[in-house]
Amino acid sequence: MGAIFTNIDELNYATNAPPFNPGYIFLIIGIIGFVFSITLGTLALIASKYLKEQRNYNFIYVVALVNALTGVLGILLAVFTLIELSKPEVKKLFN
């Protein structure tokens with residue numbers, strides 16, 4: 001969307017040009033959202049690998065908290081992960 005809005009002919013004024021092109025706002029927000037999504041996805045995959053291997057308890061705990069920021073599904077998964085991680089028999093598996 002940012003690339004499209006940046007190149008719209010109506011916004012390329014010869015005179016009375018605005019101080020900035022509004023397409024850049026869409027471009028910047030899109031890039032930040034893309035990087036954020038890729039980062040969270042990578043962290044979730046690494047955390048699932050560590051869950052399978054039963055190591056890095058603190059990393060899994062932090063990633064579960066960060067996943068709570070991603071919406072309803074992330075909140076549900078984070079809550080259930082934190083409940084399971086707080087059980088004493090699960091803590092013993094990570095030691």
For Rg and Dmax of the Cα atoms in Å, which listed value, (i) 15.2, 49; (ii) 16.5, 49; (iii) 21.3, 71, comes from the coordinates shown? (iii)
Relative contact order (percent) for the range 2-94, with alpha-carbon contacts under 8 angstrom and 6 or more residues of separation? 19 percent
Membrane-span-like helices (DSSP H runs, Cα span along own axis at least 24 Å, mean Kyte-Doolittle at least -1.0) in the chain -> 23-53
Which value at 222 nm does the chain reach when only helices count, each DSSP H run of 4 or more adding -39,500 (n - 2.57), with the total divided by all residues and rounded to the nearest 500 deg cm²/dmol? -23000 deg cm²/dmol
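Any read-out appearing in this document is the output of simple, stated calculations on the displayed coordinates, not a laboratory observation. These numbers come from a predicted model, not from an experiment.
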